[in-house]
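First comes the structure, then the notes that go with it.
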Amino acid sequence: MSGNEERTFIAIKPDGVQRGLIGEIIKRFEQKGFKLVAMKLIQADEDLMRQHYCDLKDRPFFPGLVRFMSSGPVVAMCYFCDIFLGSNAIDSKPGTIRGDFCIQVVRNIIHGSDSVESANTEINLWFKPEEICDYTKCQDSWLNG
Ligand code: IDP
Ligand code: MG
């Protein structure tokens, strides 16, 4: 068991794309050694965002969140990665993506699945099976002793 056997869904939100942070964010996942298996730049429509955030549909900020998330392109990605993002921008520690790059709760640059179950739901929502690559990374044997 390498410790990062689970798939997770990560999205760079419209504010991260507009602020030119795509490379900076991908760099962090890359240098950590996580395996990227799918990636696309996509302009999501409101329907997709309503489904993506369906757990939050009764929250007062839901309509604004759906509008924000469909206001520009997002970078959708799937990684083998055992971390889940868990805190809002205000509580995020320096060194984390939110801690380093944002100061507010809505425009917080990045989405990450919060559990294995939500990751699977989100990956199926954003990607077709044929968009997910199956390959071996040569660094696996160096990272997982
Ligand atoms: P998470 O992204 O840290 O998992 P969630 O509670 O799942 O946070 O909320 C999803 C997204 O909804 C947040 O990333 C943020 O963009 C937005 N959001 C969360 N709480 C609020 C709020 O109180 N007001 C406005 N937007 C919010
Ligand atoms: Mg969440």
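Here are some notes:
- Phe80 closer than 22 Å to Pro129 by Cα, among the aromatic types (Phe, Trp, Tyr) and modelled with pLDDT of 95 or more: no
- Listed by first and then second residue, the pairs with beta-carbon distance under 9 Å, at least 6 apart or on different chains, first residue in segment 96-124 and without any contact (Cβ under 8 Å) to a residue 60 or more places away in the chain and under 13 Å from Leu21 (Cβ atoms), second within 10 Å of ligand 1 (Cβ to nearest atom) and among the acidic types (Asp, Glu), are Arg98/Asp91.
- With respect to the conditions (1) within 16 Å of ligand 1 (Cβ to nearest atom); (2) in contact with a Leu (Cβ under 9 Å, 6 or more places away or on another chain), Cys54 lacks only one, and its number is (2).
- Residues (within 16 Å of ligand 2 (Cβ to nearest atom) and of a type in the set (Asp, Glu)) located in segment 18-64: Asp55, Asp58
- Here Asp91 passes the criteria (1) more than 12 Å from ligand 1 (Cβ to nearest atom); (2) charged (D, E, K, R); (3) at pLDDT below 90 except the one numbered (1).
- Residue that is surrounded by the most Cβ atoms within 10 Å (Cβ to Cβ), among those in segment 104-119 that are in a loop (DSSP other than H, G, I, E, B), within 12 Å of ligand 2 (Cβ to nearest atom) and of a type in the set (S, T, N, Q): Ser113
- Residue ID - surrounded by the fewest Cβ atoms within 10 Å (Cβ to Cβ), chosen from residues in segment 44-102 that are of a type in the set (A, V, I, L, M) and in a helix (DSSP H, G or I): Leu56
The values are calculated or read from the model by the stated rules, or taken from the named source; none is laboratory data. On a predicted model such as this, the values are computed, not experimentally measured, just so you know. In this analysis, Cβ positions are derived from the backbone assuming ideal geometry, glycine residues included, and neighbour counts consider all displayed protein chains.
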